[in-house]
Amino acid sequence: MNFSESFKQAMDSLKSNKLRSILTMLGIVMGVFSIITIMAIGNATKAYMNEQFSRIGANVIMVQTKIGTGGEDNLLTMDDMEVIKKSVPSTKNVTSIAQRFGELRIGSKTRTATVLGTTSQYKSFSTLEMLHGRYVSENDVTARRNVIIVDERFANKYFKRSDIIGEIIQLKTNSGTITNLKVIGVTKSQDGLFAGFADSEEYPVDITIPVTTLQSLYNKSDVDTIYVAVEQSEGLQEIGDKVVKRLEQVHRIKNKYMVINTQQIHGIASSVLSVVSGVLLVIEAITLIVGGIGIVNILLVSVTERIREIGIRKALGARRRDIVIQFITESIIMTGISGLMGILLGIVAGAVISKLIKIPPVVDLGVIVTAFLGSVMLGLIFGVYPAKRAADLDPIESLRYE
């Protein structure tokens with residue numbers, strides 16, 4: 001018997017038990033579907049992170065106070081930017097940020113907000129792009145001006161247009177103080193990770209004001225983070241240690257500061273993503289194995305149901321090899337079709353999820369080919385035992401089977 005005849009007989013057998021075949025294939029479909037989806041989202045997230053870090057730069061260090069120092073004031077101030085500049089001759093740029101929470105009032109509507117106070121230099125450390133107006137200037141910081149920058153999505157939602165330069169938005173702080181802020185800039189909405197959730201009323205909107213304005217409104221003189229861009233991307237750890245030592249000398253305190261750089265953040269983020277993806281892939285591999293065991297069981301049932309048919313075929317001259325090929329072919333067809341269905345569903349799911357979290361999907365052709373070949377190999381491996389059981393049946397005993 002040639003392969004085409006074995007293939008036809010295998011297809012006829014599967015068609016005669018459509019529902020059972022479909023239910024058996026579901027385990028493999030879900031396993032392959034999950035693998036393709038996880039890899040698509042994982043690759044897309046990794047590509048997005050690499051793009052963001054490349055835009056920010058690999059030569060940036062961030063100075064912060066350690067966790068547990070929240071009750072101590074003025075551990076990190078704007079004056080420390082000058083201290084850092086003098087202690088690190090290779091400094092290209094430096095900025096500081098402070099972050100608080102508040103409530104925006106736009107007419108009769110309200111929206112919770114993450115309030116970012118910063119300087120004119122922060123724009124070079126971020127991926128922001130101006131759509132209308134301008135960014136925070138040094139004059140805004142010096143004069144503590146009540147100005148605000150919002151993004152395009154916020155402007156369109158609450159003003160029905162993107163150019164809202166000159167409009168007034170009220171900010172209510174946690175102390176209850178309400179301040180009128182004039183819009184001086186609108187940034188382009190970023191299609192980044194989870195940006196699709198930003199339209200939700202439950203999701204705080206990000207706004208930017210001068211850091212000195214934030215300090216006045218919230219009665220705080222310290223900052224949360226100082227960003228330092230240096231000339232070189234080598235030796236960032238040593239530079240960070242030098243900054244910490246100098247700040248400890250100036251403030252006459254010890255063990256209150258921590259420094260992290262963009263290379264470390266990128267490495268940590270990549271490691272976490274790899275570990276999570278790896279764990280999920282192991283789980284999905286187990287799902288595939290369970291699906292393969294299901295195929296073994298259903299093929300064994302099929303062998304039992306077709307004992308008499310197998311006996312007749314052997315009596316008519318079918319060789320042992322022919323029986324083995326037929327059942328292995330059935331197994332491979334089931335897992336192969338399951339693999340294709342899982343791949344298609346995974347690609348679609350990856351595209352949908354990527355659209356939701358606003359990052360372009362990345363589908364690796366190598367992963368697709370590997371997933372399909374893996375499905376076929378599962379069919380081959382898990383089809384061997386049922387095929388051997390069928391081939392070992394005694395033709396005389398099989399013909400007597402009722």
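Bear in mind these aren't lab numbers, they're just calculated from the coordinates by the rules spelled out. From a predicted model like this one, the values you see are computed outputs, not experimental measurements. Neighbour counts are summed over all protein chains in view; Cβ atoms, including those assigned to glycine, are modelled from backbone coordinates with ideal geometry.
Quick notes on this one:
- Result for the chain in a Gaussian network model with C-alpha springs under 10 Å: among 361, 386, 89, the largest mean-square fluctuation is at 89.
- Gaussian network model of the chain, Cα within-10 Å springs - most flexible of 353, 35, 312: 312
- Taking every C-alpha pair closer than 8 Å and separated by at least 6 residues, the mean separation divided by the residue count of the chain gives a relative contact order of 30 percent.
- Each of the peptides 242-248, 270-276 was scored by the mean count of other Cβ atoms within 10 Å over its residues; in descending order, highest first, they stand as 242-248, 270-276.
- For residue 391, neighbours were defined as the other residues whose beta-carbon sits under 12 Å from its Cβ, and their charges (Lys and Arg +1, Asp and Glu -1) total +4.
- With a Förster radius of 56 Å applied to the C-beta separation of residue 93 and residue 18, the computed FRET efficiency comes to 0.25.
- Segment 157-166 - phi-based ³J(HN,Hα) in whole Hz, Karplus 6.51/-1.76/1.60, Gly and Pro as x: 6, 9, 10, 6, 7, 8, 8, 10, 4, x
- Placing unit charges on each Cβ (+1 for Lys and Arg, -1 for Asp and Glu) gives the chain a dipole about its Cα centre, and among 186, 270, 335 the Cα reaching farthest toward its positive end belongs to 335.
- Packing, taken as the mean count of other beta carbons within 10 Å per residue, orders the peptides 130-139, 213-222 from highest to lowest as 213-222, 130-139.
- Relative contact order, percent, segment 96-224 [alpha-carbon distance under 8 Å, six or more residues apart]: 37 percent
- Fraction of beta bridges assigned by DSSP in segment 96-224 that are antiparallel (%, nearest 5): 65 percent
- Sites residue 312 and residue 364 - FRET efficiency at Förster radius 56 Å, r taken between beta-carbons, to 0.05: 0.70
- Within straight-line cross-link reach of residue 182, lysines at Cα separation under 16 Å, skipping those fewer than 8 residues along the same chain: 172
- Of all DSSP beta bridges confined to the chain, the antiparallel ones make up roughly 80%.
- Fewest neighbouring Cβ atoms within 10 Å first, the residues 177, 212 line up as 177, 212.
- Folded to 0 to 90 degrees: helix 320-356 orientation relative to the chain principal axis, Cα: 20 degrees
- For residue 256, the lysines whose Cα falls under 23 Å of its own Cα, not counting residues fewer than eight places away in the same chain, are 66, 85, 86, 220, 242, 245.
- FRET efficiency for residue 131 and residue 170, using Cβ-Cβ distance with R0 set to 35 Å, rounded to 0.05: 0.95
- Across segment 20-35, coupling constants 3J(HN,Hα) worked out from phi with the 6.51/-1.76/1.60 Karplus curve, θ = phi - 60°, read 5, 5, 5, 4, 5, 6, 4, x, 5, 4, 5, x, 5, 4, 5, 4 Hz, and Gly and Pro carry x.
- Within a straight-line Cα-Cα reach of under 19 Å, residue 355 can be paired with the following aspartates and glutamates, leaving aside sequence neighbours fewer than 8 residues apart in one chain: 51, 152, 191, 199, 364.
- Once the Cα atoms are used to define both axes, helix 236-251 deviates from the longest principal axis of the chain by about 40 degrees.
- The Kirkwood radius of segment 134-235, taken over pairs of alpha-carbon atoms, gives through the Stokes-Einstein law at 20 °C and 1.002 mPa s a diffusion coefficient of 139 µm² s⁻¹.
- Candidates 279, 223, 348, ranked by Gaussian network fluctuation over the chain, Cα under 10 Å, top entry: 279
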